[in-house]
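Beneath this line is the structure, given in structure tokens, with notes to follow.
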Amino acid sequence: MQFIWPQAFWLLILVPVFILIYWWMLKRRRINTVPFSSLQVVKKAIHWRSSIRRHIPPCLLLLAMIFGIVGISRPTATVSLPADYMTLVLAIDVSRSMLAEDVKPNRIKAAQAAVKDFIEQLPRDIRVGIVSFAGTAQLVQAVTESRTDLVEAVDRFQLQRGTATGSGLLLALATLMPEAGINLESSIYGENFGRPDPAKQLEPKKTVQQHQPVPPGSYSAGAIVLLSDGRRTTGLDPLEVARKVSQHGVKVYTVAFGTPDGFIPGYDGYSFYTKVDEEALQAIAKITQGEFFRASNGDDLKQIYEHLSSKFRIETKETEISVIFVAITLVLVLGALCLSLIWFKRI
């Protein structure tokens, strides 16, 4: 538990002051004694429960004071709440390294099976889009609620040369936030891509509103899930793209798929080893306030996607819980007043 305004704890000085005042009042009452002929008369007149009861309302008020001071300090706690994600974009590596057979039957088939199970397990009110990337990135399936279209899109994956992880991540961001106006062409091919003819440059240029960065991980309407099994060989730097994604507040959940001994036997007359770039995927997740996962086989990958599916149902958030302490304070104060009225007929 953390506190937004911890300075309020200085008010706890009032607690011992309250105790001292109460002790002084009890001592003052003892001075005003009345003589009795016999102590037995006093014992019969005063039941042991009565002596305890008189301390209960003040104790309740003391607790109310403590809880009230904690409430004033505005405590926060990590609580589980229904997730408000509405859109997910899956960015899947379809480079030829996905043919490695360290995962049975091979990486791509195991990944396709796990992704399809993940799609089926998602709540129906979550829309999904799919991006694949190899030498280039492409939108395989636009954002949709149709699970059938999504599963068919996964079955259409075509392996290609190269691994453009950064390009795939940028296309995933553009798919998730089409209103952001992300210029994919200029980002991938340079600012001069598609420059108009000099004769057309006399036309007035359209004003493009610059995006105002937001805190990383603050975007709650969607997220990106990126799966890769290799190292980036072409395209944009994935870490630079991750920083751009973090400026939009979008979280990226990365999955490293495969083992260090991944091996593709005899493909195109060549055999070569493939290695997962865990460091880059961990950095992407850290920059965007997401999470990193490691899967060395098909079962691991299914468990990761099951975990992600449940995560998008229930999300943990840092939430202010001052209202709880205020409510407890009111209940304690009302309890003290009611008991005082019932037992002693006075407040």
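What FRET efficiency do you get for L330 and S218 if R0 is 30 Å and r is their Cβ-Cβ distance, rounded to the nearest 0.05?
Computed FRET efficiency for L330 and S218: 0.35.
Could you compute how much accessible surface K109 exposes when probed at 1.4 Å, giving the result in Å² to the nearest 10?
Estimated to the nearest 10 Å², K109 gives 120 Å².
If amide H atoms are built 1.01 Å from N in the plane of the peptide, which residues on other chains or at least 5 residues away come under 5 Å of the amide H of V140?
Residues meeting the amide H criterion: I130, V131, S132.
Which order, highest average first, do 7-19, 232-244 follow once you tally other Cβ atoms within 10 Å for each residue and take the mean per peptide?
By packing density, highest mean first, the sequence is 232-244, 7-19.
Calculate one ³J(HN,Hα) per residue across the range 102-112 by plugging θ = phi - 60° into the Karplus curve 6.51 cos²θ - 1.76 cosθ + 1.60, and present them in order as whole Hz with x for glycine and proline.
Values, residue by residue: 5, 10, 7, x, 7, 4, 5, 5, 5, 5, 4 Hz.
Across the range 59-76, in residue order, what do the Karplus-derived ³J(HN,Hα) couplings come to in whole Hz, using 6.51 cos²θ - 1.76 cosθ + 1.60 with θ = phi - 60° and x for Gly and Pro?
My calculation for the range 59-76 gives 5, 5, 5, 5, 5, 4, 4, 5, 5, x, 5, 4, x, 5, 6, 6, x, 10 Hz in order.
Taking H as built 1.01 Å from N, whose amide H comes closer than 5 Å to the amide H of T259, not counting residues under 5 places away?
For T259, whose amide H was placed from the backbone, there are no distant partners under 5 Å.
Sequence-distant or interchain residues sharing an amide H contact under 5 Å with R294, placed H: which?
Placed amide hydrogens put A256 under 5 Å from R294.
Calculate the spin-label point distance for I19 paired with I321, positioning each point 7 Å from the Cα along the beta-carbon direction, and give it in nanometres.
Each label point lies 7 Å from its Cα, and together they span 2.5 nm.
Report the net charge of residues surrounding L301, where surrounding means a beta-carbon distance below 14 angstrom and charges are Lys +1, Arg +1, Asp -1, Glu -1.
That sum, taken over residues with Cβ under 14 Å, equals -1.
So if R0 is 25 Å, what FRET efficiency would N106 and Q289 give, r being the distance between their Cβ atoms, rounded to the nearest 0.05?
0.15
Ordering T319, T254 by accessible area with a probe of 1.4 Å, largest first, what comes out?
Sorted descending by solvent-accessible area, the residues read T319, T254.
The values are calculated or read from the model by the stated rules, or taken from the named source; none is laboratory data. Treat the numbers as computed from the prediction; the structure is a model and nothing was measured. As a convention, Cβ positions derive from the backbone with ideal geometry for all residues, glycine included, and neighbour counts pool all protein chains shown. With ligands, DNA and RNA removed, areas are computed over all heavy atoms of the protein, side chains included. Shrake-Rupley method; radii C 1.70, N 1.55, O 1.52, S 1.80 Å.
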